[in-house]
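A.B. asks: Here's a structure for you.
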Amino acid sequence: MQTIAERLQSAYVRIDQATDDAHRPRNSVRLLAVSKTKPVSDITQAYEAGHRLFGENYVQEGVDKIGQLQHLSDIEWHMIGPIQSNKTKLVATHFDWVQSIDRAKIARRLNDQRPDTSPPLNCCIQVNINDETSKSGVHPKQLQELVEIVESLPHLTLRGLMAIPKARMTQEEQEATLHTLEELFSEYRTKLSNFDTLSVGMSDDVEAAIQHGSTMVRIGSAIFGARD
Ligand SMILES: *Cc1c(COP(=O)(O)O)cnc(C)c1O
């Protein structure tokens, strides 16, 4: 059995290799360790191995863990799951980043509920890049409108885009999907000053995502083990 520290190390090696292959600087891709369903003791192990970026999918579970790990004050907590409007206050109060903004109502509530004592909430808009009914995210055609809304909200900082490409695509479909995302990202990156994050790439597509400009990959089970 490998330890969490060893699996984390393998993930970093994999990212370094992929950035080298893509002729990109090694520090241009960040690793989000997705700790959903895993106990705080697992997060502590990753923290002790030097890791600081953690992603949670479920609001209440994430808030509980953030509370229990308050003493590890340099953890950067990312909300990456779907957000219902009755949960926005918890998200706005406790998280550093929200990657799953998919509609104006959620953005406005997060803005209104972000405490004045906290820095602006870092946000990514989730794009439903393969137009899947089962997935949340804004359709690419509606992206511009949502970008303008988030940009206008003072307690939010628009950092970029997040996507979960369809599973089991052919290599051509995967390339086309990542290419579209890369184009959308670079279009806004040149226009908006804080727009620096393309969150795409999970266990199966880290290399392809990094080839296509990903700046943040999200890995869960390869670090913490399979979920029940
Ligand atoms: C669960 C999850 C991940 C990580 O998935 P693994 O298969 O465990 O690596 C990444 N991104 C999102 C949005 C997730 O919900």
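The values are calculated or read from the model by the stated rules, or taken from the named source; none is laboratory data. Remember, it's a predicted structure, so these values are computed and weren't measured experimentally. Note that we place each Cβ from the backbone using ideal geometry, even for glycine, and neighbour counts take in every protein chain shown. These area figures cover heavy atoms from the full protein model, side chains too; ligands, DNA and RNA do not enter into them. Shrake-Rupley method; radii C 1.70, N 1.55, O 1.52, S 1.80 Å.
A.B. asks: With bins 10 Å wide starting at 0, give me the P(r) of the chain over every alpha carbon pair, in whole percents.
C.D. replies: 8, 34, 38, 19, 1
A.B. asks: Follow-up question, since we're still on this one. May I ask you to order 47-53, 31-37 by the average number of other C-beta atoms within 10 Å around their residues, highest value first?
C.D. replies: Details: 47-53: 15.6, 31-37: 21.3.
Ranking the peptides 47-53, 31-37 by packing returns 31-37, 47-53.
A.B. asks: Quick check for you: with a 1.4 Å probe and neighbouring chains kept, what is the accessible area per residue of the chain, in Å²? Each step should come with its number before you reach the end.
C.D. replies: Values: 11040 Å² over 228 residues.
Result: 48 Å² per residue.
A.B. asks: Right, something else. Among M169, M79, what's the order by accessible area (1.4 angstrom probe), most exposed first?
C.D. replies: Details: M169 40, M79 0 Å².
The residues order as M169, M79, largest area first.
A.B. asks: Also, I was wondering about something else. Roughly how many debye, to the nearest 20, is the charge dipole of the chain about its Cα centre, given +1 on each Lys and Arg Cβ, -1 on each Asp and Glu Cβ, and no other charges? Intermediate values should be presented prior to the final figure.
C.D. replies: Values: 25 positive and 31 negative charges, 125 e Å.
Computed charge dipole of the chain: roughly 600 debye.
A.B. asks: Further question on the same structure: Compute the distance in nm between two label points, each set 7 Å from the Cα along the Cα-to-Cβ direction, one at H23 and one at E6.
C.D. replies: 3.7
A.B. asks: Let me ask something else about it. What is the packing order of peptides 67-73, 210-216, 146-152, taking the mean over residues of other C-beta atoms within 10 Å and listing the highest first?
C.D. replies: On the way: 67-73: 11.0, 210-216: 23.3, 146-152: 17.6.
Taking the mean over residues of other Cβ atoms within 10 Å, the ranking is 210-216, 146-152, 67-73.
A.B. asks: Apply the Karplus curve 6.51 cos²θ - 1.76 cosθ + 1.60, θ = phi - 60°, to the phi angles in segment 159-164 and return the couplings in whole Hz, x for Gly and Pro.
C.D. replies: 9, x, 10, 10, 8, 10
A.B. asks: What part of the accessible area of the chain, given as a whole %, is carbon or sulfur when the probe is 1.4 angstrom?
C.D. replies: Values: 5190 of 11040 Å².
Percent of accessible area from carbon and sulfur atoms in the chain: 47.
A.B. asks: Here's another thing I want to ask about it. Show me, for segment 85-96, the HN-Hα J-couplings you get by feeding each phi into the Karplus relation (A = 6.51, B = -1.76, C = 1.60, θ = phi - 60°), rounded to Hz, glycine and proline as x.
C.D. replies: Coupling constants for segment 85-96: 5, 6, 10, 5, 5, 4, 5, 5, 7, 10, 8, 8 Hz.
A.B. asks: Next question. What order do S221, S85, S199 take when sorted by accessible area (1.4 Å probe), most exposed first?
C.D. replies: Numbers: S221 50, S85 30, S199 0 Å².
Ranked from most to least accessible, the order is S221, S85, S199.
A.B. asks: Could you grab the relative contact order for the chain? Cα pairs under 8 Å, six or more apart, rounded to a whole percent.
C.D. replies: Values: 396 pairs, mean separation 46.6, N = 228.
Rounded, it is 20 percent for the chain.
A.B. asks: For D116, what accessible area in Å² do you get when you roll a 1.4 Å probe over the heavy atoms of the protein chains, rounding to the nearest 10?
C.D. replies: Surface accessible to solvent at D116 totals approximately 130 Å².
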